[in-house]
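The values are calculated or read from the model by the stated rules, or taken from the named source; none is laboratory data. Just so you know, these numbers come straight off a predicted model, no measurement behind them. Every residue, glycine among them, receives a Cβ derived from its backbone with ideal geometry; neighbour counts consider all protein chains shown.
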Amino acid sequence: MSNTSPTWDENWQETYADQIVTAAVAVLQIRPGHRVFVGTGCAQPQTLVRALTARSRDLVDTEIVHLLTLGDAPYASRDLVESFRVNSFFISSNVRETIQEGLGDYTPIFLSDIPKLFESGQLPLDVALIQVSPPDAQGYCSFGISVDIVKSAAENARVVIAEVNPNMPRTHGDSLISIYDIDHVVPVETALIEIEPLVPAEDVTKIGQYVAALVEDESTVELGIGEIPQSVIEFLMHKKDLGIHTEMLTDAIIPLIQSGVITGERKTVDRRKVVASFCIGTRKLYDYIDNNPTFAFHPTEYVNDLFVIAQQHKQVAINVALEIDLTGQVCADSLGTKFYSGIGGQVDFNRGAARSHGGKAIIALPATAKKGTISRIVTRLSPGAGVVTTRGDVHYVVTEYGVAYLHGKSVQDRAIALISVAHPDFRGQLLKDAIEAKYLRADLAAVEGKLVIGPAEFRTSYVMQDGTQLNLRPIHPTDEPAMKELFYALSQETIYYRFMSHLKHLPRKEIHNFVFINHRSDVAIVATLPAAQGEEMVAVGRYYLDESTNLAEVAFVVRDEWQNRGIGSFLLRHLATIAKRNGISGFTAEVLRENRAMQRVFQKSHYRVQSKPTDEVVSFRIDLS
């Protein structure tokens, strides 16, 4: 929301004339062997970069240090390797080839730790090349769209050279630098780098839907770099009172603010403020944040401080990966031995969100790469691949095939969960490999083809008369422990009614028959309640199709303390809806004559019901047509 009049001193060039030089003169301060910092992202000082590169013959052994840069990087040319050595904390496309060929360096480091390198002198900076807004009446310039590590670099470099550009918005927060802390001022009036919003592919859109479903009302959200985190935004439009505490903003944030989805009312820290350290977008975004008090831009050492993040209410961290192994190790910065991006703020936000009250740490990735020829979920990481998020830190993993929750789970449970959200073409081989690696028991070879997470459209909820809400979802391959817990919580009478036998334990094969299903001819729906450990399973409804008759046998079990509250009837209606969608013409059921409650469930349904009693059981046929 930029003002009609500038928020800076229109006569600043006269006031600070003694500091003003051309770009060519300013870069004469750089000497061979110097370490030069270049500003971040869309605030890259392009005029100074060109002037620096023009002096390449005079600048042997000059090190160029930066985070993510999005403009041209002429200093990264193969022809200039004797003059300039790139050292990047996060690899963008303009320097990726140079670094992968060994002609430049990558320094893997948590984003929150970078300012300490500058402040401690471990990585001293000779010169910082930055871009800022013109000074205001008090002589303060704004770092504008990139505060991140630029502020620390400017505070610790021996010489600071700044492009001063009226096109740079002034941002609120901790985003100012005195013009007297700038050694050389270079006036420019050039367009800032603009990045158009990405149009996500179909698989990425699906991932965005799954991730958005994990974001509760009143959450504080961090959206990492890339197509996937940004694809989440369009699916947040129905949420309420979200807050933002994130490294990066894009144009997609604007409609969420304008529609009232983002209010920040429940944020614990920086209430009602949209907090970020930099933004990547178009002029529309830059104008929107200009002098807009809704936004607070802070340096990385604040935004990425996991203790600040952990204080937020329901902090959700959404970040991406390149590859994940079946134990939960996440590689996010390399393709084998080839460095691709960087650690960035993934670990900062992942750990902070995990410690936040009600927070969620989410890692998202497409199930495949190279047009579906390679699985990103692997038994072992590629040789040379680095672990960014450890198996001890990972919580949610999301692909276009569903959500796997790993934290606190055994290696076997992790492997099953991750195979379930892998691309179907690779599940069979992953299962074989996991058994060979001893991650899974050999008897699980029989479940090949059934490691599937049920369709999202099978999900629903049921509100009982007392207001208690049950969540209904397809059974998961990782529900084996919950099924055991449910079984051992049942009374002997309920066990007898359901299994027509006085079972003392549920054989593993029987549990496998429940949890490893195809969700088409074989469907199982569980009813759950939120609990301290995640959720408590209170009921299961299931049907199994007889292909020869197109009739499915249906059965239910409800924990004793939840019986006679309408759960069985609701499960029947929900399973009937699914069955009709799958073209199934009806249900059959065998109910013990003593089990009056279950007989009433069928008899009072809204379908045509036929019953045939015998000495021990009543046989039902329910016509769904």
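So the values come out like this:
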quantity: Condition met for GLY359 (closer than 25 Å to ILE233 by Cα and over 15 Å from the mean Cα position of the chain (by Cα)); calculated: no
quantity: Those residues of segment 217-249 which are at pLDDT 95 or above, of a type outside the set (A, V, I, L, M) and under 22 Å from CYS42 (Cβ atoms), in sequence order; calculated: GLU222, HIS245, THR246, GLU247
quantity: Which numbered condition LEU192 fails, given (1) surrounded by 17 or more Cβ atoms within 10 Å (Cβ to Cβ); (2) in a loop (DSSP other than H, G, I, E, B); (3) out of contact with any Cys (no Cβ under 8 Å at 6 or more places or on another chain); (4) among the aliphatic types (A, V, I, L, M); calculated: (3)
quantity: Subset tally (residues that are out of contact with any helix residue (DSSP H, G or I) (no Cβ under 8 Å at 6 or more places or on another chain) and of a type in the set (Asp, Glu)) for segment 563-613; calculated: 1
quantity: Tally, over segment 517-546, of residues that are outside any strand (DSSP E or B) and in contact with an Asp or Glu (Cβ under 9 Å, 6 or more places away or on another chain); calculated: 1
quantity: Boolean, ARG85 is outside any loop (DSSP other than H, G, I, E, B), modelled with pLDDT of 95 or more and surrounded by fewer than 22 Cβ atoms within 10 Å (Cβ to Cβ); calculated: yes
quantity: Residue among ASP113, ASP148, ASP183 that is at pLDDT 95 or above, under 35 Å from the mean Cα position of the chain (by Cα) and surrounded by fewer than 18 Cβ atoms within 10 Å (Cβ to Cβ); calculated: ASP113
quantity: Segment 387-436, residues that are in contact with a Phe, Trp or Tyr (Cβ under 7 Å, 6 or more places away or on another chain), more than 25 Å from GLU227 (Cβ to Cβ) and not aliphatic (A, V, I, L, M); calculated: GLN412
quantity: Helices (runs of 4 or more DSSP H) contained in segment 245-313 and holding at least 2 residues aromatic (Phe, Trp, Tyr); calculated: 283-289
quantity: Only listed residue being part of a helix (DSSP H, G or I), over 17 Å from LEU451 (Cα atoms) and either at pLDDT 95 or above or aliphatic (A, V, I, L, M) (or both), chosen from ILE495, ILE511; calculated: ILE495
quantity: Single residue of GLU63, GLU14 found to be part of a strand (DSSP E or B) and among the charged types (D, E, K, R); calculated: GLU63
quantity: Conditions (1) farther than 22 Å from THR246 by Cβ; (2) among the β-branched types (Val, Ile, Thr); (3) without any contact (Cβ under 8 Å) to a residue 40 or more places away in the chain: number failed by THR205; calculated: (1)
quantity: Whichever residue in segment 601-621 is closer than 27 Å to ARG559 by Cβ and exposed (fewer than 14 other Cβ atoms within 10 Å of the Cβ) and, among such residues, is modelled with the lowest pLDDT; calculated: HIS606
quantity: From the options ALA43, ALA73, residue that is surrounded by 14 or more Cβ atoms within 10 Å (Cβ to Cβ) and in contact (Cβ under 8 Å) with a residue 40 or more places away in the chain; calculated: ALA43
quantity: Residue in segment 415-424 that is touching a residue at least 40 places away in the same chain (Cβ under 8 Å) and either surrounded by fewer than 20 Cβ atoms within 10 Å (Cβ to Cβ) or outside the structural domain of LEU335 (by TED's automatic domain parsing) (or both) present; calculated: yes
quantity: Any hit, segment 564-572, residues being among the polar types (S, T, N, Q) and closer than 21 Å to GLN465 by Cα; calculated: yes
quantity: Identity of the residue in segment 237-270, under 19 Å from HIS357 (Cα atoms) and touching a Gly at 6+ places or on another chain (Cβ under 6 Å), that ends up surrounded by the fewest Cβ atoms within 10 Å (Cβ to Cβ); calculated: GLY264
quantity: Meets criteria (within 33 Å of the chain's Cα centre (by Cα), without any contact (Cβ under 8 Å) to a residue 40 or more places away in the chain and part of a loop (DSSP other than H, G, I, E, B)) for GLY449; calculated: no
quantity: Criterion (in contact with a strand residue (DSSP E or B) (Cβ under 6 Å, 6 or more places away or on another chain), in a helix (DSSP H, G or I) and of a type in the set (A, V, I, L, M, F, W, C)) met by exactly one of ILE228, ILE177; calculated: ILE228
quantity: Residues that are of a type in the set (S, T, N, Q) and within 17 Å of ILE20 (Cα to Cα), drawn from segment 125-151; calculated: GLN131, SER133
quantity: Test: residue in segment 569-585 that is farther than 17 Å from GLY454 by Cα, at pLDDT 95 or above, surrounded by 21 or more Cβ atoms within 10 Å (Cβ to Cβ) and not assigned by TED's automatic domain parsing to the domain that holds ARG414; calculated: yes
quantity: Selection status of ARG565, charged (D, E, K, R) and surrounded by 14 or more Cβ atoms within 10 Å (Cβ to Cβ); calculated: yes
quantity: Residues being under 16 Å from ILE64 (Cβ atoms) and either of a type in the set (Phe, Trp, Tyr) or assigned to a loop (DSSP other than H, G, I, E, B) (or both) - total across segment 103-132; calculated: 9
quantity: Per-region count, segment 116-145, residues among the small types (Gly, Ala, Ser) and within 31 Å of the chain's Cα centre (by Cα); calculated: 2
quantity: Every residue from segment 133-143 that is assigned to a loop (DSSP other than H, G, I, E, B) and not aliphatic (A, V, I, L, M); calculated: SER133, PRO134, PRO135, ASP136, GLN138, GLY139, PHE143
quantity: Which listed residue, of GLU234, GLU323, is under 20 Å from ILE207 (Cβ atoms), in contact (Cβ under 8 Å) with a residue 12 or more places away in the chain and surrounded by fewer than 20 Cβ atoms within 10 Å (Cβ to Cβ); calculated: GLU234
quantity: Some residue of segment 592-606 being of a type outside the set (A, V, I, L, M), touching a residue at least 40 places away in the same chain (Cβ under 8 Å) and closer than 22 Å to GLU493 by Cα; calculated: yes
quantity: Matching residues, segment 164-174, being within 33 Å of the chain's Cα centre (by Cα) and either closer than 12 Å to ASP136 by Cβ or surrounded by fewer than 23 Cβ atoms within 10 Å (Cβ to Cβ) (or both); calculated: ASN167, ARG170, HIS172, GLY173, ASP174
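This table checks each residue for (1) charged (D, E, K, R); (2) under 32 Å from the mean Cα position of the chain (by Cα).
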| position | (1), (2) |
| --- | --- |
| LEU470 | no, yes |
| MET483 | no, yes |
| PHE487 | no, no |
| GLN492 | no, no |
| ILE495 | no, no |
| LEU503 | no, no |
| ARG508 | yes, no |
